[in-house]
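Here's the structure we're looking at; comments come further down.
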Amino acid sequence: MRNLWMRLAPPSVDVSGAESVLFGLGGRLLVYDNQGCVGGVVRVDERRWAEAPQDMESARLSEVDIELGRNDRLVEQALAESEGSGGRRPTFIALLGGPVSACVGTDLQALAHTIGRRSGLPALCIETNGHDWYDRGVSKALAALYSQWGRPAASRPHALTVEGRERVNVLGAVLLDMERTDWLDALERDLERGGFELNAVLGGMRPDGEALARMGDADVNLVVNAAALALARTMEEELGIPYAVGLPMGARSCERLRTRLRSAAHGGPGGVEGPGAAARGGPAVLLVGEQVAMNGLRELLEDKGVAGRVDVATFFAFDRRIARTGDRRLADEAGLREVLGQGYACAVADNLVERVLADVPSPHPRFVALPHAPLSGRRFLDQIPALVGPEPDSGFMARVAAAAWGGKR
Amino acid sequence: MRTIHPYYRALGTTRVARQVSGLHTLFVGPAACARHGFYANAHLHADYISYLTTSLLDVSSGRLASLVVEAAREVVAVRSPRIEALMLYSGCEDELVCTDFASIARAVEDACGVPVVHFGKNRMFVEGRGSFFPTFYRSLFELLEPVGAHDSGVNLIGSISALRPGNDFEEVLTAAGLGPVRTLKTARTFADFRAMAASGLNVVIDEDFREAACDMRDRLGIPFVYLPLSYDPREVGAAYDAVGAAFCADLGWRPRYERACYVARAAASAYPAPFVLDAVGVGRPIACVRALVGMGFAVDGVVTMVGDRASEHGCGELTEIRRRRPGFQTISYDYKAHMPVVEELAPLEAEFYGFAALEHIAGLVAGEGDYT
């Protein structure tokens, strides 16, 4: 049945995705919910909270306020805090929606506009609803940041490239997908080694308010998360900044990505086409996770000759233009069960997905765990292997190879 | 200075529902609400909970009832262990639009052939509305059905633990010809749980369960007495008298009283050093501290939780003990994460109901327990 989750808990939702993107930017986040969404962010999805609690809270509206549309109280709440009662004036106010505001059809845009006008602070409206998965929140938050700060003022001169190095924005570096933060470190090192200059990282992993203002100065965008593709296309359309897509895993993949990035930066074909290797003989492998990351892992498996056909499936943002035949978006657990039962030799997915195999007719694919926080929260973060960069975790690759070949290799 | 952490209440709804053998929870609502299962450690109870995530269209189009029935059918058919009862669990959104879950529960009951109850968790603020826990507990005990006659059994309501073997509460009742003591934890099967409807008395040890006890009194004819856990031996004696009065019996508790006082005073002598009592989650922390001081313990401070109704109770009268407040308003995931023995700690308090509670905490202070 659609939307019935019996072995998995439903994944992280859009409010968490948006919060993750806005983390550390000095803004004040106000969620139109009743403690629930903020609770989910704080207690489940945002692991940085314990060390760096953010200025984020639920709307202090009563049930009657909501029913009678007394949203002026929410405006007052936002304004009271924007005066800096906590000792620090926020750099912006972001208004996020939740299931309740979605249900009653609250006009969040109008509220944000009012808050912005009366506070004198930039006010972002991020129309989350607590129903969509986290990737939608990521997309919406990125779009809001771009809309507020990304479009360069007409008077601002386009900065010059330093020593001929192409400036790169990394779009979609979201902690929920890159809980192992050395993934991003490795990516940055590889870009710098390749002669690129890192211009800005958007997605919440390198919170930097000043980087927002220079995002329009980049020569090329590197999209590391399918949820950031929409922003990359907008920036290409409005600012003429081309983009390439990829999260490189393994030396050859790093090299290919650098080439595609450079080509895109100089007006050549970018990285919009999907990873293109044709299927070879060998065991079929299913990868379940964030699309761009799983595309990177697919390239790695193919480069190493670990697998034959490799398909990618995801519950989250899925773009046909970076997909191959056989890749798919999963609507729910039933969709996952279905795909797991399609004769793959090996499935690589979040640890909790192994539970779903109990409902899949034999023969099951052999299972290799690759923790993904939007599914299993913080439970298995210490088990995430180092995959990004020229030297991915050989132990993990060995496990995948052993599972794919079933010891016959 | 040592910190003594005697107990951690942590009665989450999922965990409590899990205590009823054969009960499966079907959460119905937005994904944002369902996601909360994680911080309630619902993954520990994954076999006993399913989620039907709904869209705005589901709620507004009037097809929710048929979706829930269909989901319940699949859950009952597929999931193991075998489901003998269902709890439909909904969130704010359905409370806001007043979804008729009573009717949906009846439809599910007809379709699935198992008893079904509903709990709507409404987190929207309303002046005067208290915690949702009492409503949840009432919903849970709505699974009990009236029986013809009551026995001399006693339901201990308000914990998810079983009494430790040799606990004086069970012994004193048995000696007086009463019992058995029935708890959620000791009900091994759904039939055992339903046998609680046959008990002659409910002893309510947590205020949040009073609403359930009132409902059981009105619906099942089981009277109740509210006797919160106490570390004060005089209060415990009075509680025994109240239980005895309900059955017109003399429970003869005096020897256990003498023993508990002796054990506590001996422990206080053996451990004269001052200590801080970490009472986050303790049902009546200040009463606990008072009892310990009364027994001669050198309690130097107590940690309570800001906003904890129970912790606030009685603080105004507290002058002799320094009170410390941790800087969080709710028990955070990380706080739990730093307590690897939380599962073991959770039920301690109610495991030692009666004079045993004082003996237990005295033992902790004297360093005899594993829970410091």
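Couple of notes before you dig in:
- Sole exception among (1) under 21 Å from the mean Cα position of the chain (by Cα); (2) in contact (Cβ under 8 Å) with a residue 12 or more places away in the chain for B:Tyr271, by number: (1)
- With respect to the stated conditions, A:Val356 is within 14 Å of another protein chain (Cβ to nearest Cβ), of a type in the set (A, V, I, L, M) and more than 19 Å from the chain's Cα centre (by Cα).
- Screening B:Ala111 against (1) surrounded by 19 or more Cβ atoms within 10 Å (Cβ to Cβ); (2) away from chain A (no Cβ under 12 Å); (3) of a type in the set (A, V, I, L, M); (4) farther than 29 Å from A:Val104 by Cβ leaves a single unmet condition, (1).
- For the range B:67-97, residues that are surrounded by fewer than 19 Cβ atoms within 10 Å (Cβ to Cβ) and part of a loop (DSSP other than H, G, I, E, B) total 5.
- In the range A:210-265, the residues that are free of Cβ contacts under 8 Å to residues at least 24 places away in the same chain and either within 20 Å of the chain's Cα centre (by Cα) or assigned to a loop (DSSP other than H, G, I, E, B) (or both): A:Ala211, A:Arg233, A:Glu236, A:Gly240
- Index of the failed condition, A:Arg378 passing every other in (1) away from every other protein chain (no Cβ under 14 Å); (2) farther than 20 Å from A:Val310 by Cβ: (1)
- The set of residues from the range A:383-400 being without any contact (Cβ under 8 Å) to a residue 40 or more places away in the chain and in contact with a Ser or Thr (Cβ under 9 Å, 6 or more places away or on another chain) is empty.
- Pair list, Cβ under 8 Å, 6 or more apart: the range A:309-336 residue more than 30 Å from B:Thr54 (Cβ to Cβ), other residue of a type in the set (Asp, Glu) and at pLDDT 95 or above: A:Arg324/A:Asp311; A:Gly326/A:Asp311
- Screening the range B:174-199 for residues that are in contact with a Gly (Cβ under 6 Å, 6 or more places away or on another chain) and either in a loop (DSSP other than H, G, I, E, B) or of a type in the set (Ser, Thr, Tyr) (or both) and picking the one that is modelled with the highest pLDDT gives B:Ser199.
- Where helices (runs of 4 or more DSSP H) fall wholly inside the range A:1-85, the ranges with 1 or more residues that are closer than 18 Å to A:Gly130 by Cβ and more than 9 Å from chain B (Cβ to nearest Cβ) are A:14-22, A:36-40, A:72-82.
- Looking across the range B:212-223, the residues that are buried (at least 20 other Cβ atoms within 10 Å of the Cβ) and in contact with a Phe, Trp or Tyr (Cβ under 9 Å, 6 or more places away or on another chain) come down to B:Ala212, B:Ala213, B:Met216.
- Considering only residues in the range B:88-104 that are in contact with a Phe, Trp or Tyr (Cβ under 8 Å, 6 or more places away or on another chain) and hydroxyl-bearing (Ser, Thr, Tyr), the one that is farthest from the other protein chains (Cβ to nearest Cβ) turns out to be B:Tyr89.
- Qualifying residues in the range B:165-179 (those that are out of contact with any strand residue (DSSP E or B) (no Cβ under 8 Å at 6 or more places or on another chain) and buried (at least 16 other Cβ atoms within 10 Å of the Cβ)) - the one farthest from B:Val236 (Cα to Cα): B:Ala176
To keep it simple, each residue is scored yes or no on (1) in contact with a His (Cβ under 8 Å, 6 or more places away or on another chain); (2) hydrophobic (A, V, I, L, M, F, W, C); (3) at the interface with chain A (Cβ under 9 Å from one of its Cβ atoms).
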{"position": "B:Leu86", "(1), (2), (3)": "yes, yes, no"}
{"position": "B:Arg106", "(1), (2), (3)": "no, no, no"}
{"position": "B:Met124", "(1), (2), (3)": "no, yes, yes"}
{"position": "B:Ser131", "(1), (2), (3)": "no, no, no"}
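- Residues within the range B:247-281 that are surrounded by fewer than 18 Cβ atoms within 10 Å (Cβ to Cβ) and under 16 Å from B:Gly177 (Cα atoms), tallied: 5
- Residue match in the range A:266-277 (condition: touching a Lys or Arg at 6+ places or on another chain (Cβ under 8 Å) and modelled with pLDDT of 90 or more): no
- In the range A:123-142, the residues that are under 15 Å from A:Phe92 (Cα atoms) and not in a strand (DSSP E or B): A:Ala141, A:Leu142
- Leading residue by the ranking (farthest from the other protein chains (Cβ to nearest Cβ)) among those in the range A:359-375 that are closer than 20 Å to B:Arg79 by Cβ and without any contact (Cβ under 8 Å) to a residue 24 or more places away in the chain: A:Ser362
- Qualifying residue in the range A:60-73 (condition: in contact (Cβ under 8 Å) with a residue 60 or more places away in the chain and out of contact with any strand residue (DSSP E or B) (no Cβ under 6 Å at 6 or more places or on another chain)): no
- Here the condition is being within 14 Å of chain B (Cβ to nearest Cβ), in contact (Cβ under 8 Å) with a residue 24 or more places away in the chain and farther than 24 Å from A:Ala331 by Cβ; of A:Leu96, A:Leu121, A:Leu108, A:Leu145, it holds for A:Leu96 alone.
The values are calculated or read from the model by the stated rules, or taken from the named source; none is laboratory data. Keep in mind that this is a model prediction, so the values were computed, not measured. When we count neighbours, we look across all protein chains shown, and the Cβ atoms used for this are built from the backbone with ideal geometry, even at glycine.
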